[in-house]
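The block underneath contains the structure these notes are about, expressed in structure tokens.
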Amino acid sequence: MIYPHEIEKWVVEQKPLDGFLQPYVFQHETNKSRRVPRSGDFWMEVWLATEGRRNLPEVRRYLDYLAEMRTRFVHIQKEMMYENRDATHQLGHDQCTAGWAGDSMMPIAAYLYYLHSRGLKGSVLECGVFKGGSTCCLSWICKSLGFGLYAADSFEGLPSSEGHYGRGDFKGGYEEVRSNLKRLGSGMTTNLIKGFYADSLKGFNEPLVAIWLDVDLKQSVLDALGHTYSQLLPNGVIFSDGLVDDVDFEQERIKGECGEPGGFVEFFASRGIPYKAKPGGPRGLGLIVPQCADDENLLYEHDKLVELFKLAELPGLYLTDRDKQLETILQSNSWKITSPLRQARRIMEKLWTHTNPRA
Ligand SMILES: C[S@@+](CC[C@H](N)C(=O)[O-])C[C@H]1O[C@@H](n2cnc3c(N)ncnc32)[C@H](O)[C@@H]1O
């Protein structure tokens, strides 16, 4: 799992896990077949949500940020639900005006915090605005982290048809988006870029920490990345909709011929750009890390993030009676772990010795 840099650093230098959980390290010899080893990551999550949160400002800042973003995103999601009189998509997907607003944006919030903690400075580019649900969420993230924000869309819906998508689907008008941003955004300047990407993104020259693509069509991925990929900073990442776990991935690469997967496959192959990709969260969110060497590991794991959210959003569960709660966790599995502390430390040390955040 990845953690904000100041937390990684503190863990390695201060060794906070020493002693933590020590009384709970035990072995089940009776039922070996049901052993469920817990990774060092799990103990990091527990530590972050309990002792780390209590004792370390860096951890509190990170968890407070995640909690604040989540509250805002859920509020945006509720407020963004209204009747879409322009809905045309044959399966009704554009009836959901809230788009990606809500919990689905949390992995992006967490990853951007991480990039910020690693010193990346620049802007986030969103391609695919619709009514502005994801844009409003990004405006809170970017305001909080000091990133600029660009959001590009035709504001006339999809430019052409492909699969179940038809030309004009997912239309969100320019004024409609402006007004949603005014109502639900953070108030920071959001630069709306109007037009089809083949033209509107020509000459785009802002340094980018991340590109978030939700454009549905293969050609739109090619057009958007064609004009903006060169602006992605070293260690910057791409998040995309349409990359479904178990379907669109094969050994940390994307597979597919059409839609968003097809766009990425063609883009990276035609330019000979090495990359790694993995599922980044729910709803077909994919994480793509370009220029990733074969021997680099993508440490980001969505499941671990969810575990942390669960732990961190229920502070009372652990803070009131930690011992009892930990007993409960441990007893819920039949498991063996000789040293969770050592495992967690190894992961952290590995991270810390690499200057590259992907380790
Ligand atoms: C699924 S919607 C985006 C949903 C949005 N992210 C949300 O959370 O509500 C896809 C958007 O991509 C835009 N789009 C797709 N291809 C485009 C292109 N080539 N140029 C401009 N806009 C495009 C459409 O206009 C539409 O607003």
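Only the coordinates and a few stated rules stand behind these numbers; no lab work does. Treat the numbers as computed from the prediction; the structure is a model and nothing was measured. Cβ coordinates were reconstructed from backbone atoms using ideal geometry, including for glycine residues, and neighbour counts include every protein chain displayed.
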* Percent of Cα-Cα pairs per 10 Å bin, from 0 to the last occupied bin, for the range 80-302, please list those. => 8, 36, 40, 14, 1
* Footprinting exposure proxy for 299, 217 (fewest neighbouring C-beta atoms within 10 Å first) -> 299, 217
* Relative contact order of the range 80-302, pairs being alpha-carbon contacts under 8 Å that are 6 or more residues apart, as % -> 17 percent
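Under the 0.36 nm per residue contour assumption, what length would be gained going from the current alpha-carbon distance of residue 93 and residue 246 to full extension?
Working: separation 153, 0.36 × 153 = 55.08 nm, distance 2.20 nm.
Using 0.36 nm per residue and subtracting the Cα-Cα distance, I get 52.9 nm.
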* Asked: Is the range 49-107 rounded, prolate or oblate when judged by the Cα gyration tensor, a ≥ b ≥ c being the square roots of its eigenvalues, rounded requiring a/c under 1.5 and prolate requiring a/b larger than b/c?
  -> prolate
* State whether the range 256-308 is rounded, prolate or oblate according to the following rule on the C-alpha gyration tensor (a ≥ b ≥ c being the square roots of its eigenvalues): a/c under 1.5 gives rounded; otherwise a/b larger than b/c gives prolate, and the remaining case gives oblate. => oblate
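Taking a threshold of 27 Å on the Cα-Cα distance, which of the pairs 182/276; 9/143; 121/202; 143/194; 9/255; 194/278 fall above it?
Values: 182/276 37 Å; 9/143 25 Å; 121/202 22 Å; 143/194 22 Å; 9/255 36 Å; 194/278 30 Å.
As for pairs spanning more than 27 Å Cα to Cα, those are 182/276; 9/255; 194/278.
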* Asked: Could you give the radius of gyration (one decimal) and Dmax (whole number) of the Cα atoms in the range 88-205, in Å?
  -> 14.6, 44
* Are there trypsin sites (Lys or Arg not before Pro) in the range 97-146 that DSSP marks as loop and that have at most 13 other Cβ atoms within 10 Å, and which are they? -> 121
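Percent relative contact order of the range 177-314, based on C-alpha pairs within less than 8 angstrom and at least six residues apart?
Values: 197 pairs, mean separation 27.4, N = 138.
With pairs under 8 Å counted, the relative contact order is 20 percent.
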